[in-house]
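Heads up: the structure comes next, in structure tokens.
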């Protein structure tokens, strides 16, 4: 065949295009495999929790540090901070930041799972158990749900039995340093058994309620229960 | 032939009366111009927020660690002054807060210095707003509420008008009777196929 034949040139150009496209596809596929098979995720997938569930919920990928996920920031000032514990309780109260720090403190290594598919494992959170705050507020028998209230009207809701688990806390330090503004300084809720939007940042109140009140994301199409192990991401 | 000369004029007048396309094109054009600004806001913010897990579309994060010389003054105000001088910060803090025996917080509008008065280690953290994107996201997510809800509703109606008027702008084989129908059906098939393949909500 004549090398300068236009049909030959056209076939050659088409072949080059197909080769380039195939090469690009292979590179992208290998890149995706690399992303999917990172070591942290692989190790976490091999681990099991004490309750028998896998350490890493389905559809999650492990990253090293929390990502700031936005939201309208609250006032980061510890001097202005007030935490109101109220609702279906006999002894409602308010705490300033110093008063919160004066309560019995715990430090727990917890795994947290964001609905956008990242997880951070074993981060050390310091703060106060919600169960301790509930005990001080003296819950009425009518209390069935807990509504976490935060800056600019943000709320998240969980059943009382879930909020009183020992792992659930209000935290003011993360990995040994004060909570950063991007993560809800000075105080946020941490509920490790649920997708992370339940862990309200810039926490201002804990309200005990006789009835369930779906919160900010729960009324915008996200799951009311939000169990990561059941992949309850959306309603 | 007398009637042979009259008939075509009647048909032309009828056709002129039914020709809605110039009006449709003019409306489509002007509403399109009007919607440009809002489309830029919603599209840019949509791209930014859609990739929320990869980046913070509203703020740039600041996280630095500094080391101060010791000892620091025992008085909080004097310790704050000394720390800020060492850090070359000339702005006055909004608040100096003694969080614990070893932690002094110096709070500014956009950042906080957490000073460990015992070790001299300072964690500086804060966030600076991405100027245009933060405003676009604020509008897109309708955080301001109130009147913006009406603007967003009108914009949605305008988009529907642009979509449907676009279907009828061109007559013939490149319009709804030919290529337009094929491309339109392909576009409509995208969400349908996605829902079918993904299993839907």
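Every number here is computed from the coordinates shown, using simple stated rules; none is lab data. Worth saying up front: this structure is predicted, and the values here are computed from it rather than measured. FYI the Cβ positions are ideal-geometry reconstructions off the backbone, even for glycines, and counts take in every protein chain you see.
Any idea what the alpha-carbon Rg over 2.2 N^0.38 Å comes to for the stretch A:93-183? List each step's numbers first, then the result.
Details: Rg = 13.9 Å, N = 91, 2.2 N^0.38 = 12.2 Å.
With N residues counted in the stretch A:93-183, Rg over 2.2 N^0.38 Å equals 1.14.
So for chain A, Kirkwood radius off the Cα pairs, Stokes-Einstein at 4 °C and 1.567 mPa s: how many µm² s⁻¹?
Numbers: Rh = 20.0 Å.
D = 65 µm²/s.
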Computed over chain B: longest principal axis from alpha-carbon atoms vs helix B:131-140 long axis, angle to nearest 10 degrees, is 60 degrees
Checking A:162, A:51, A:132 against a Gaussian network model of chain A (alpha-carbon springs below 10 Å), the top fluctuating residue turns out to be A:51
Most fluctuating of B:132, B:185, B:52 in the GNM of chain B (C-alpha, under 10 Å) is B:185
Per residue, the convex hull enclosing the alpha carbons of the stretch B:90-179 has a volume in Å³ of 185 Å³
From the Cα centre of the stretch A:60-88 to that of the stretch B:125-198, the distance in Å is 33 Å
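Scaled to the compact-protein estimate 2.2 N^0.38 Å, what is the alpha-carbon radius of gyration of the protein assembly as shown, rounded to two decimal places?
Values: Rg = 30.0 Å, N = 436, 2.2 N^0.38 = 22.2 Å.
Computed over Cα atoms of the protein assembly as shown, the ratio equals 1.36.
Among rounded, prolate and oblate, which fits the stretch B:59-129 when a ≥ b ≥ c are the square roots of the eigenvalues of its C-alpha gyration tensor, a/c under 1.5 means rounded, and a/b larger than b/c means prolate? Intermediate values should be presented prior to the final figure.
Numbers: a/c = 1.73, a/b = 1.59, b/c = 1.09.
Because a/c hits 1.5 or more and a/b exceeds b/c, the stretch B:59-129 counts as prolate.
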Final fewest-first order of B:25, B:173 on the 10 Å Cβ neighbour count is B:173, B:25
Output field shielding_mean for A:176-187 (other chain Cβ, 10 Å radius) holds 5
Ranked by GNM mean-square fluctuation in chain B (Cα springs under 10 Å), the top entry among B:134, B:98, B:111 is B:98
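Hey, what's the Kirkwood Rh for the stretch A:118-235 if you take every pair of different alpha carbons, in angstrom? Kindly include the intermediate steps, with their values, before the conclusion.
Working: mean 1/r = 0.0694 Å⁻¹.
Mean inverse Cα-Cα distance, inverted, gives 14.4 Å.
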